[in-house]
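Shown next, in structure tokens, is the structure this report addresses.
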Amino acid sequence: MNKSFITNDIKEQLDEYVISRAKELVAERFDHPPMAYVHSFGCQQNAADAEHIKGLLALMGFGFTDMPDNADFVLFNTCAVREGAEDRVLGHVGALKNIKRNRPDMMIALCGCMTQQQTIADKIKHSFPYVDIVFGTGSFHLLPQMIAERIGNKKRVFYSGSAKSVVEGIPAVRDDSVKAWLPIMKGCDNFCSYCIVPYVRGREVSRRPEMIIAEAKELIAKGYKEITLLGQNVNSYGKGLEPKVTFSELVKELDKIEGEFRMRFMTSHPKDCSRELIDAIAESKHFCHHIHLPVQSGNDVVLKAMNRHYNIDSYLELISYARSKMDDVTFSSDIIVGFPGETREQFEDTLKLIKEVEYNALFTFIYSKRNGTPAAKMENVVSEKEKSVWFRELLAVQQDICERQNQQMIGKTLRVLLDSEGKSGEDALAGRTEGNIIVETFGDRSLIGSFVNVKIDKAMNWAVQGTIV
Ligand code: SAH
Ligand code: SF4
Ligand code: F3S
């Protein structure tokens, strides 16, 4: 083949001719049905991307395996949010070196947020000669081109271009049959001072509402019972669309869909979480009365240095407004400990805040320096030792809150969407409440995928347990 499939001019759509050519080349390369292994690190956005990457691989004739050692095509979809992730991924890649020596037809690909960084792509190019394909976050729809190029022209492929729009029409091979991710936008414009995401995911771009609504309807028709709308800051959905649409309007439109299902969304940035949105959730049939509202810190000076654009008073006002509209609403949050310059007193403000709000789940992070972000240049870094002491303290405080909340559920009847097998014996089933609390119960496997009412009689440290009533 002498035609080069990769051009610098990035196509913003799928190319059916290239997909069928890639399929032919894949079939010629392997004398057996080819199998792919896809592993995704990082956030839900990455998990959703990986499902679409699997959709493309399926179009090219690949089946899927859980074992990288047996796979013909291995792909790691990487995350860059914290330091150290790089070594971990490259460790996984290194482990494949000898396997590939014995099976030279095997292809190894790396993509995602880490490889969007030029320095990392260069390092892989020079130090990992057995990696075949490397691309970033905005070009996975070009995977058929890249595979065709690699097999047909025998050249390693390094691609860092990024589509400006969200490419529509890519099928997904979904990991779950009860719950589905539904990306509504890509990128981030917020530039929180610690965060690498805007640099590796590019600027915010929203999908057209009719595409989102059509996909939601399709998922529900297929039997999905829970849909999570995804975006780095869903509250700024619609920016740049013509005619303009807000996230609250999208929520109201999606809520009109008929059926028995639940909807969630993440992430909601407190600076843009409007009262109109809270009203829309309160009045909705399908949206869970649960808001993931990452606060990051409980201190205004730290929040300012983080470039978050809200303060604790306005944050707490938002929480009490939501509670006044929905008496059953619950909240979860992300917290960073040890931001540069953070003092013991400022950290204690975070402890005070989490005791006041009583989140039902907390995702806690030790601050990690990301080169290229403004925080990386800040002084008075908190020592590793101090950061880990604070981190453990924070976990202990939240653990107490969760245990107390779980105890309070004893005797209550909760509506649960059963989504998997449980851990406590053969007939154990597990599911989640609207507030994302894990509930274990007992019954036939065929109940997975249905909503049931469970009367809680026991609190464990990872979940609450009860009987279906
Ligand atoms: N867009 C989402 C979060 C995306 S990243 C939001 O704004 O809430 C998920 C979480 O990773 C962040 O909320 C933050 O708590 C954490 N995080 C991001 N960069 C980090 C860093 N450099 N060090 C430690 N934690 C970080
Ligand atoms: Fe990162 Fe802030 Fe964007 Fe979230 S909103 S992805 S924390 S820059
Ligand atoms: Fe997500 Fe990690 Fe990228 S958190 S957006 S996969 S840097």
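Some values worked out for this structure:
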{"read-out": "Residues being among the hydrophobic types (A, V, I, L, M, F, W, C), within 15 Å of the chain's Cα centre (by Cα) and either more than 16 Å from Pro183 (Cα to Cα) or within 16 Å of ligand 3 (Cβ to nearest atom) (or both) - total across the stretch 219-245", "value": "3"}
{"read-out": "Asp313 free of Cβ contacts under 8 Å to residues at least 40 places away in the same chain and in a loop (DSSP other than H, G, I, E, B)", "value": "no"}
{"read-out": "Residue ID - farthest from ligand 2 (Cβ to nearest atom), chosen from residues in the stretch 327-351 that are out of contact with any Gly (no Cβ under 6 Å at 6 or more places or on another chain) and of a type in the set (D, E, K, R)", "value": "Asp327"}
{"read-out": "One residue from Pro183, Pro198 being surrounded by fewer than 19 Cβ atoms within 10 Å (Cβ to Cβ), closer than 24 Å to His39 by Cα and within 16 Å of ligand 1 (Cβ to nearest atom)", "value": "Pro198"}
{"read-out": "Qualifying residue in the stretch 83-94 (condition: assigned by TED's automatic domain parsing to the domain that holds Thr137, away from ligand 1 (no atom under 16 Å from the Cβ) and at pLDDT 95 or above)", "value": "no"}
{"read-out": "Odd one out for Ser388 among (1) free of Cβ contacts under 8 Å to residues at least 40 places away in the same chain; (2) within 16 Å of ligand 2 (Cβ to nearest atom)", "value": "(2)"}
{"read-out": "Spans of strands (runs of 3 or more DSSP E) in the stretch 396-450 with at least 1 residues free of Cβ contacts under 8 Å to residues at least 24 places away in the same chain", "value": "428-432"}
{"read-out": "Cross-chain or 6+ apart pairs with Cβ under 8 Å, the stretch 357-382 first and under 30 Å from Ala322 (Cβ atoms), then modelled with pLDDT of 95 or more and of a type in the set (Lys, Arg)", "value": "Ile366/Lys387; Tyr367/Lys387; Ala375/Lys369"}
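The values are calculated or read from the model by the stated rules, or taken from the named source; none is laboratory data. Just so we're clear, the structure is a prediction, and the values are computed from it rather than from any experiment. In this analysis, Cβ positions are derived from the backbone assuming ideal geometry, glycine residues included, and neighbour counts consider all displayed protein chains.
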